[in-house]
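Structure, as structure tokens:
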Amino acid sequence: MSNVFARRRMHAQPDKNQRAIIERLAKEIPEATVLVVNGDFDLLIGYRGVNLMYEVKNPESKKSKTEHRLKPKQIWLRDHWRGQYRIVSSYEEILNDLGRVTIDMIARIAG
């Protein structure tokens, strides 16, 4: 997992599905670099010159809807960030974004 870097807040509790997502990214897409932040957002992924920022939520959590609420800074990112920021719950959602990066690159090259 040399392409995964972690920077955690002292009391951050990542959603349980986050680790599985990170492990699959490291195994199946080694050319992606993953920075685990667990702050205002959870993951920053660098892939083919594009940065993708994610908040990971676990849909199978027993937490109430109140506990799943986004923090104020996460709401700000969702509503105002001019770059890529998504709230995801699965590896497949991130994989879909990485596929779009590849398709966009091919379209630019083909002109």
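Rule-based calculations on the coordinates, nothing more; no lab input. Everything quoted here is computed from the prediction, not taken from an experiment.
A few notes on this one:
- Taking amide H positions as modeled 1.01 Å from N, with prolines and chain starts lacking one, the residues under 5 Å from residue 87 and 5 or more places away or on another chain are 55.
- Taken one residue at a time, the phi angles of segment 41-56 give Karplus couplings (6.51, -1.76, 1.60, θ = phi - 60°) of 9, 9, 10, 10, 10, x, 8, 6, x, 10, 9, 10, 10, 9, 10, 9 Hz. Gly and Pro are set to x.
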